[in-house]
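Structure record follows, encoded as structure tokens.
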Amino acid sequence: MGNWETRLREWQNLDVPEGWRAEITPAGVTLTPPVDNGHSRIAASVHRTLVRSVPEDRAILQKLGVSIRSASRLYVPGLVVVPHHELLPRPDNVPVPAEAAELVVEIVSQGNARTDRVEKRWAYAQAPVPLYLLIDRYAEPKPSVTLFSDPVDGHYRRSEQVSFGEEIRLPAPFDLVLATAAF
């Protein structure tokens, strides 16, 4: 059995404390503590906005395991949008392949900033996930939201960044404007 299968089995068999997340990273299976109120508030705001425009045959989920087999990674993003048909045949502990995701949203945590900014961006582009929205409360010189798009050969060719307080447009299939003032 390969290293990926071993790590995936470890992930599936973990008894993760409530609120914690388990992810597969280059270091192995890692646990992340519960998110803070600021993170939760931002996730709820983005979720509300997405619900208004995402077609009913799509699911907007938090705490969904998303696997990137080609990169030997499994992440649990802040939010992910996937077609319902990707979820129905899966038991709870079987992750959705990242290539099925239409949008992945990560909200940067202070202790995990490099992972969200660099490692996850690379892995999601490898999948390829068409849209990666990075909400960075700790960006310098000020908090920002960046939409990465057009993944080619494991890298996003386009990005658009706005500061908190400005709006950012998510293209088709979403066609919506995300206000960031509440972040």
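A simple rule links phi to the HN-Hα coupling: the Karplus curve 6.51 cos²θ - 1.76 cosθ + 1.60 with θ = phi - 60°, which for the stretch 65-78 gives x, 10, 9, 10, 4, 4, 10, 6, 10, 9, 10, 10, x, x Hz, with x for Gly and Pro. Label the stretch 25-183 by shape, choosing from rounded, prolate and oblate, from the square roots a ≥ b ≥ c of the eigenvalues of the Cα gyration tensor; if a/c is under 1.5 it is rounded, and otherwise prolate applies when a/b is larger than b/c, oblate when it is not. Rounded shape, in that the Cα axes give a/c under 1.5.
Solvent exposure of the stretch 1-133 amounts to 49 Å² per residue of accessible area, where only protein heavy atoms count and the probe is 1.4 Å.
Taking a ≥ b ≥ c as the square roots of the eigenvalues of the Cα gyration tensor, the stretch 80-147 is classed as prolate, since a/c reaches at least 1.5 and a/b is larger than b/c. Here the chain carries DSSP beta bridges of which approximately 85% are antiparallel, counting only pairs with both residues inside.
For the chain, modelled as a GNM with alpha-carbon contacts under 10 angstrom, which of 43, 139, 125 fluctuates the most? Looking only at 43, 139, 125, the largest GNM fluctuation is found for 139. Distances between placed amide hydrogens fall under 5 Å for residue 164 paired with 144, 145, all partners being 5 or more residues away or on another chain.
Computing the accessible area with a 1.4 Å probe over protein heavy atoms, can you report the carbon and sulfur percentage for the chain?
Within the chain, the accessible surface is 48 percent carbon and sulfur.
For the chain, modelled as a GNM whose springs connect Cα atoms under 10 angstrom apart, the maximal fluctuation among 38, 65, 78 occurs at 38.
The values are calculated or read from the model by the stated rules, or taken from the named source; none is laboratory data. All values derive from a computational prediction rather than experimental measurement. With ligands, DNA and RNA removed, areas are computed over all heavy atoms of the protein, side chains included. Shrake-Rupley method; radii C 1.70, N 1.55, O 1.52, S 1.80 Å.
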